[in-house]
Amino acid sequence: MADISWEEAFCGEGNNCYRIGVDGDGNSYIALSGQEDTYLTDSREALQQLIRDIKAGKADHLL
């Protein structure tokens with residue numbers, strides 16, 4: 001398992017909590033809070049683009 005530095009959980013209403021992490025190789029990780037051993041991983045640049053797209057409203061149709 002990668003040596004991941006996890007941020008504090010980001011929680012919406014209810015129990016919708018996610019954690020974002022990074023490792024020393026520049027990879028990023030997203031996991032459900034409490035289930036950090038099962039994660040989605042991609043490059044740091046991909047995570048940055050995902051966050052920019054969410055801020056731009058490109059995921060609003062999922063709400």
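The values are calculated or read from the model by the stated rules, or taken from the named source; none is laboratory data. Because the structure is predicted, anything quoted here is derived from the model rather than measured. Positions of Cβ are generated from backbone atoms using ideal geometry, with glycine treated the same way; all protein chains shown enter the neighbour counts. Side chains included, ligands, DNA and RNA excluded: accessible areas come from the protein's heavy atoms. Shrake-Rupley method; radii C 1.70, N 1.55, O 1.52, S 1.80 Å.
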Worksheet entry | Spin-label model distance (nm) - L63 vs Q35, 7 Å beyond Cα toward Cβ | 2.4
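Mind checking the stretch 9-48 for GluC sites (Glu not before Pro) that DSSP puts in a loop (not H, G, I, E or B) and that have at most 11 other Cβ atoms within 10 Å? Please list the in-between numbers first.
Working: sites: E13, E36, E45; in loops: E13, E36.
Qualifying residues, ordered by number: E13.
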Worksheet, complete the sentence: For S43, the accessible surface traced by a 1.4 Å probe with all protein chains present amounts, in square angstrom to the nearest 10, to 40
Worksheet entry | Net charge of Cβ neighbours under 15 Å - reference E36; Lys, Arg +1; Asp, Glu -1 | -4
Practice prompt. Please compute the Cα-Cα pair-distance distribution of the chain with 5 Å bins starting at 0, giving whole percents from short to long.
Written response: 4, 17, 24, 26, 19, 8, 2
